[in-house]
Each structure stands twice: as C-alpha cells, then as structure tokens.
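Peer 1: Below: one structure in structure tokens.
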Amino acid sequence: MPNVSFHDLSQLDAAARSALMRRSETDLSGFMKKAAPIIEAVRTEGDAALVRFARDFDKADLDATRLKVSPTEFDAAFGMVDEDVIAAIRFGIDNIRHFHEEQKPEAMWLKEMRPGAFAGDRFTPIRSVALYVPRGKGAFPSVTMMTAVPAVVAGVPELAIVTPPAPDGSVDAATLVAARLAGVETVYKCGGAQAVAAVAYGTETIKAALKIVGPGSPWVVAAKRLLAGVIDPGLPAGPSEAIILADDSVHGGLAALDLLIEAEHGPDSSAYLMTHSRRVAEEALAALPEHWARMSEQRVAFSTAVLTGACGGIVLTASIEESYRFINDYAPEHLEILSTDPFAHLGHITEAAEILMGPHTPVSIGNFGLGPNAVLPTSRWARTCGPLSVTDFVKRSSIGYVTAAAYPEFARHARTLARYEGFSSHEHAVSDVRDRYLAR
C-alpha cells in the first residue's frame, strides 16, 4: 500500500501546519511566465495560433474551419452517448435549473427611502460570457451543466463554451449533449491559456466575451490572472480540493471512500480526511486499498499522488474544535460532513464554499446535480466569495428617483457636504442655480 500522508496536528509546529494550507496553485509565477507568450500569440495571430497550440498541446488534428463545433457534430453527439447518461444529464439539468431559478433576483426593486425619494437595484444580464469546460484529466459534462444552466437562467444573450479538443479534433459527446440540453449551441475547440486569450481578445472564429467562468488547470488560472484587465476572470476556480470531516459516529471506510472523490481529479488536487477519532483514521487507512482496487489505473495514480503528497492525506486532530479551526483556516472548496448528526457541526463552519451534510450526501451527488452549483472558489477564496450562481451572470445597477416634493431636503444636505468636501460643481448643481432652471 502507498505511504499515505498522515498528519497528527497536535504534533506539528507552525511551519508544518502552514504547509498543510498550500495548494498546487499557491505559486503560479512559473505558469504565468509560460502563459504570457501563448496569450500574446493568440492576440496577434488569432486562429492560426489556436490551431498550432491545439496540435502542440492537445495533439489535435484541427484547422481553422473546425474550431467551432458544427450543428452536425451536435446532432451526432446524441447518437454517441448512452441513454442512461443522457437521462442523468437531464436529471441534473432539471435540478440545477430549479435551484438557480429560485436564486435569480427580481429584475428591479425600489424602496421609498424618505417620502418622495426612491432607491433600489435593477439586474440585467451580462451581454456575453464564455464558459470554460476542462478536459485534460477527463470529460466533464457536469461542468457544462453547472456553468451553462445558471447563465441561461440569467438570460445572457451571447454564450459560448470553450473546451479542449481530443486528438481527432472532436469534443466530448456528452459535453455537447449537456450544452444543447442546457441551451447553449456555440462551442469552440480550444483549451488552456490559449482559450482564455481567445475569448478575451477574440479571433477570426471566436467572438470576444466580457467574462469567462469555469474551473481549469493552473494554466487557465494563470491566464485569467494575466488577462484580468481585458476580461472579467470570474471566481477563482482552480484544481479540485476537499476536506472530509468525519466524527466518531461513522466508519472510517466510508470516510476513505469519499476522500478519494476529489483526489482522483488529478495530481494537482488537494484532499484531506480530518477527524479527531484515531479509530476513524485507522479504519480509513485500512480501507483505502480495497477502494483503490475498484478504481481505474489512471484514477488510482492521480489519487495516490495526492494522498501521498504534500496536499493530501489524513489529518488527526486533538478535538472536534481543533478540526473546526483547521477547516475555517483552510477554507476548502468542498467540505463534506460525515456524521449521523451533521447539523451539530454546521454552525461551527464559517469558511467553506460547499458544505455537504451527512453520510447520504457525498461530493459525487453535489458534483452531478443536486442543484447547488459545483463550480466553487479554490485556494482559500471561499473566505470572500461563494459558488458560481445566477448573480455571476448579471450586473447590478443602482436606481434612484427623487420627486419634486422630496428634492429640497436632499439638496440642502448635499450642498452642505459638497461645500465641506470642496466640490463647488456638486454644490452648484443643487443650489438656486438649479432652482431657476426648474422654475422655467
């Protein structure tokens, strides 16, 4: 059995504890340096650069005429995907749509702040958004569902998916099925830093967008940071990370089963089992070989790399309170509370992007269509932002309306503050000068 990382938190010094907080994308300087010339090539060469990078990075046989998925490819995808997979996609989309429809803000609200003076908000869809769907370590129709459905619910008029091509120049068939069922018919065959650059600047084939959302590799995250002045990079969603919090009411084998969910995404993932029960920790260690025996060779390799490396393994704490403190400091993307009474723990957790409760709610169910969005902030960004939502696809405008009857009081106070701050034009705009114009 591989030597799974085991951390007794009470025995670690401050530096060792700090090391447990690291993610694979903590330092992106190397990726940013390498992504910069890719971005510049796309900016200056357009489609030609995308075709070249598809060949070099994805080993894909493409030319510029095939960068956009054709209607024929969409139609053919439905014949290539098993009916049970299509049914699962429909099930997930239905739940995700219902959830995000409930989340959608009303188009406008106004409240009378004082007699005759009204203020409120109006929400309108962002005009164009690109949806990034990764493919390097697997196919992700679930990401298509999670990004496309809230965008469609929000009413974004121009939506496009960018996703890496396969060596034969195709796009994952289930991803195309999910896109069409969600309501998106524009899909481009490009991934990585070059895809972010393509939707930021636009090319001969790809139309520039105002925003890009969706998880990706460190290359994608690095490109988003570099292009933040050109395109809204959306919430910071990088390689997968999860903490499985298990108390002493569950079997450690169940905790080990769920620990592997996010660990199998790739060697750049982060995954910890956190427990204050040595029994649970030991049962989890004992169960891992049995679980690995049921997995594919590639996923065993990925999860083994995570659980034996610096960003994963089992963390034994001295108490449940110490577990809470670690979780709130770590601010995980996914948190699963394995307990027969998960609500007893919920109130102690303040820093997690997603919290899945109880032994019947593994991360798998959250990822594939419970309803809440599974595109989540990583690298401790859960401390300041939450999951992808309808509100990521709309913009808010403040609305104000003051009647003639309410104006004098507001004008008097505005004059006072304008005079104090030294803004003479502000003052004059609410002075007798305005009164003379209004009296005409």
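The values are calculated or read from the model by the stated rules, or taken from the named source; none is laboratory data. Since this is a predicted model, take the numbers as computed values, not measurements. Neighbour counts run over all protein chains shown; Cβ positions are idealised from the backbone, glycine included. Surface areas here come from the heavy atoms of the whole protein model, side chains and all, with no ligands, DNA or RNA. Shrake-Rupley method; radii C 1.70, N 1.55, O 1.52, S 1.80 Å.
Peer 1: Among the residues of the stretch 299-325, count how many are out of contact with any His (no Cβ under 8 Å at 6 or more places or on another chain), in contact (Cβ under 8 Å) with a residue 60 or more places away in the chain and over 12 Å from residue 260 (Cβ atoms).
Peer 2: Of the residues in that region, 4 qualify.
Peer 1: Related question: Output the residues belonging to the stretch 188-208 that are surrounded by 24 or more Cβ atoms within 10 Å (Cβ to Cβ), hydrophobic (A, V, I, L, M, F, W, C) and under 21 Å from the mean Cα position of the chain (by Cα). Full working, then the answer.
Peer 2: Let us first name the residues in the stretch 188-208 that are surrounded by 24 or more Cβ atoms within 10 Å (Cβ to Cβ), namely 189-200, 206.
Imposing the further condition that a residue be hydrophobic (A, V, I, L, M, F, W, C) reduces the set to 190, 193, 195-200, 206.
Within the stretch 188-208, 190, 193, 195, 196, 197, 198, 199, 200 meet the criteria.
Peer 1: While we're on this one: What is the number of the single condition among (1) open to solvent by less than 30 Å² (accessible area, probe 1.4 Å); (2) out of contact with any strand residue (DSSP E or B) (no Cβ under 8 Å at 6 or more places or on another chain) that residue 19 does not meet?
Peer 2: Tallying (1) open to solvent by less than 30 Å² (accessible area, probe 1.4 Å); (2) out of contact with any strand residue (DSSP E or B) (no Cβ under 8 Å at 6 or more places or on another chain), residue 19 fails exactly one: (1).
Peer 1: Given (1) in contact with a strand residue (DSSP E or B) (Cβ under 9 Å, 6 or more places away or on another chain); (2) open to solvent by 20 Å² or more (accessible area, probe 1.4 Å); (3) assigned to a loop (DSSP other than H, G, I, E, B), identify the lone condition not met by residue 285.
Peer 2: Going through (1) in contact with a strand residue (DSSP E or B) (Cβ under 9 Å, 6 or more places away or on another chain); (2) open to solvent by 20 Å² or more (accessible area, probe 1.4 Å); (3) assigned to a loop (DSSP other than H, G, I, E, B) one by one, residue 285 breaks only (3).
Peer 1: Please work out which residue is modelled with the lowest pLDDT, limiting yourself to the stretch 340-386 and to residues that are part of a loop (DSSP other than H, G, I, E, B), open to solvent by less than 10 Å² (accessible area, probe 1.4 Å) and touching a helix residue (DSSP H, G or I) at 6+ places or on another chain (Cβ under 6 Å).
Peer 2: Applying the first criterion (part of a loop (DSSP other than H, G, I, E, B)) to the stretch 340-386 yields 340-342, 347-353, 358-362, 368-380, 384-386.
The next check asks that each one be open to solvent by less than 10 Å² (accessible area, probe 1.4 Å); those that pass are 358, 369, 371, 373, 375-378.
When the remaining residues are screened for being touching a helix residue (DSSP H, G or I) at 6+ places or on another chain (Cβ under 6 Å), the result is 369, 371, 373, 375.
Working: 369: 88, 371: 96, 373: 96, 375: 95.
Top of the filtered list is 369.
Peer 1: So which residues in the stretch 235-264 are within 15 Å of the chain's Cα centre (by Cα) and either surrounded by 24 or more Cβ atoms within 10 Å (Cβ to Cβ) or hydroxyl-bearing (Ser, Thr, Tyr) (or both)? Write out each step before concluding.
Peer 2: Filtering the stretch 235-264 down to residues within 15 Å of the chain's Cα centre (by Cα) leaves 235-242, 262.
Result: 237, 238, 239, 240, 241, 242, 262.
Peer 1: If you don't mind, another one. Quick test of your reading of the structure: residue 402 fulfils all but one of (1) of a type outside the set (Phe, Trp, Tyr); (2) closer than 28 Å to residue 241 by Cβ; (3) at pLDDT 95 or above. Name the failing condition by number.
Peer 2: Result: residue 402 passes all but (2).
Peer 1: Quickly run through the stretch 394-440 and pick out the residues that are in contact (Cβ under 8 Å) with a residue 60 or more places away in the chain and charged (D, E, K, R).
Peer 2: Correct list: 395, 396, 409.
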